[in-house]
Amino acid sequence: MSGFQLQPVRVGSLVVEWPVFLAPMAGYTDGAFRSLCLEQGCGGGVTEMVSSQGLVRNHARTKHLLDTVEGERVVGAQLYGSDPAVMAAAAELVVATGRFAFIDINAGCPMPKIRNRGDGAGLMRNPARMAEITRQVKAAAGALPVTVKTRIGWDADCVNVLETTAGVEAAGADAICVHGRVARVRHSGPVAWDVIAEVKAARRVPVFGNGGVRVAEDVFRMVAETGVDGVMIGRPALGNPWLFRDIRDVAAGREPRAPSVEDVRAMIHEHMRREMELLGRRRAKDLRLGVDLTACLMLRAHLVRYLRGFRAFGALARTLEQRQDSATLLGRVDEVLASGRKCER
Ligand SMILES: Cc1cc2nc3c(=O)[nH]c(=O)nc-3n(C[C@H](O)[C@H](O)[C@H](O)COP(=O)(O)O)c2cc1C
């Protein structure tokens, strides 16, 4: 399959060899899941969104969102907030960890409690502030590149991504990621690849596209249709870190391989192990339920995705609300896997 090419991309001082990234997803893309995706061929990841206020106030829960798994590459830390000075102070704390390859500014989160404070997507209603935050974070980030992840606009009457991205580019952003939806629709509905293409044509810095990728081939279709330098993928990777392997396979002209049942089993067990390893770094007083039960709770949302399509999944799904330790939960997972798939993937 010729023409399925992706070139390395320079993002400030960073050379991104394979510009296919896991998109940040709060509650999902912690170090455990990111590292599994990276091992399947994902080119880079971003932390879940991290409150700049929480970091500056030294909140333990917030700080742990910056935990990474040993050897994770290439990972950016995503910050949200609307006070430029606080965002800059948080950026300095990220730099001090020494663990991140870039800093990403969240200018797209549509959740009411975030956007109504002027954070996340709220920044799209204040392009001057978005630019000022970029300028101050860039000044605080030292050698680390600074990127901005945003949407095409606030609502259908305010599609202002050309204006906002011009502002952040002038303020020093090293790359921009555009999710091709307005904030109003949150995460559903059509994705405007044509607007992503307009941003790509208008900006000098690399532009990543996001939204509307379901299968590996879509990555190359998005690149061909919009001209973007790279792609970010969120939900389609949940329960399917092998998507990143598929993308490498398609690029190399190979047929993507469906994961075997044993692949799924090994992935889930390893996911659980890494989740526990990360949680084990927290102070006991911050984990009311302890490491084991908390890890099971965190894995629940992933299990729904890993095991969808297996015959006995319904029986497991009904138990997911119960408190269960990891040995019990993984035992049930193995039973579901043994029940076989309803149809081949
Ligand atoms: C559950 C969930 C959590 C998300 N959390 C974040 C976040 O923390 N930061 C961010 O920039 N985007 C976040 N997003 C948006 C995704 O990064 C992405 O832009 C969106 O899901 C569209 O891409 P997709 O269709 O490939 O999932 C989140 C999306 C979902 C569904």
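Each value in this text was obtained by applying a stated rule to the coordinates, not by laboratory testing. Here the structure is a predicted model, which is why all the values come from computation and not from measurement. Virtual Cβ from ideal backbone geometry, glycine too; neighbours counted across all protein chains shown.
Cut-off 16 Å, label point 7 angstrom out along Cα-to-Cβ of residue 335: give me the residues of region 282-313 whose amide nitrogen falls inside. Within reach of a label on residue 335: 310-313.
Counting neighbouring beta carbons within 10 Å and listing from fewest to most, the residues 286, 67, 104 come out as 286, 67, 104.
Helical runs assigned H by DSSP (4 residues or longer) give the chain a calculated mean residue ellipticity at 222 nm of -12500 deg cm²/dmol, each run adding -39500 (n - 2.57) before division by the residue total. Residues 80, 28, ranked from the fewest to the most other C-beta atoms within 10 Å, line up as 28, 80. Dipole magnitude for region 197-249: computed about the Cα centre from +1 point charges on Lys and Arg Cβ and -1 point charges on Asp and Glu Cβ, it is near 160 debye. Treating r as the C-beta distance of residue 143 and residue 85 and R0 as 22 Å, the FRET efficiency rounds to 0.55. Within the listed set 98, 189, 227, the residue fluctuating most in the Gaussian network model of the chain (springs between alpha-carbon atoms under 10 angstrom) is 98. Modelled spin-label separation between residue 285 and residue 99, with each label point placed 7 Å from Cα along the Cα-to-Cβ direction: 2.2 nm. Between residue 320 and residue 128, the contour length at 0.36 nm per residue exceeds the alpha carbon distance by 64.6 nm. Translational diffusion of region 261-338, estimated by Stokes-Einstein from the Kirkwood radius over alpha carbon pairs at 20 °C in a medium of 1.002 mPa s, is 168 µm² per second. Computed on the chain, with alpha-carbon pairs under 8 angstrom and 6+ residues apart, the relative contact order is 15 percent. The stretch between residue 166 and residue 117, if pulled fully straight at 0.36 nm per residue, gains 15.3 nm over its current Cα-Cα span.
For the chain, the share of alpha carbon pairs falling in successive 20 Å distance bins from zero is 31, 58, 11 percent.
Isolated cysteines of the chain, defined as having no other cysteine beta carbon under 4.7 Å away, are 109, 158, 177, 296, 343.
Note on region 9-251: antiparallel DSSP beta bridges, both residues inside, total approximately 10 percent of the bridges counted.
Between 261, 20, 207, find the one with the highest GNM mean-square fluctuation for the chain; connect C-alpha pairs within less than 10 Å. Of 261, 20, 207, the most mobile in the Gaussian network model is 261. Within the listed set 200, 138, 285, the residue fluctuating most in the Gaussian network model of the chain (springs between alpha-carbon atoms under 10 angstrom) is 285.
For the chain, lysine pairs with C-alpha atoms less than 30 angstrom apart, excluding pairs fewer than eight positions apart on the same chain, total 10. Using only side-chain charges placed at the Cβ, +1 for Lys and Arg and -1 for Asp and Glu, the dipole size of the chain relative to its Cα centre rounds to 820 debye. Label-to-label distance for residue 269 and residue 73 is 2.9 nm, based on points extended 7 Å past Cα in the beta-carbon direction. The simple Förster model, with R0 at 25 Å and r as the Cβ-Cβ distance, assigns residue 156 and residue 224 a FRET efficiency of 0.40. If you take the Cα centroid of region 30-95 and the Cα centroid of region 242-308, the two points sit 19 Å apart.
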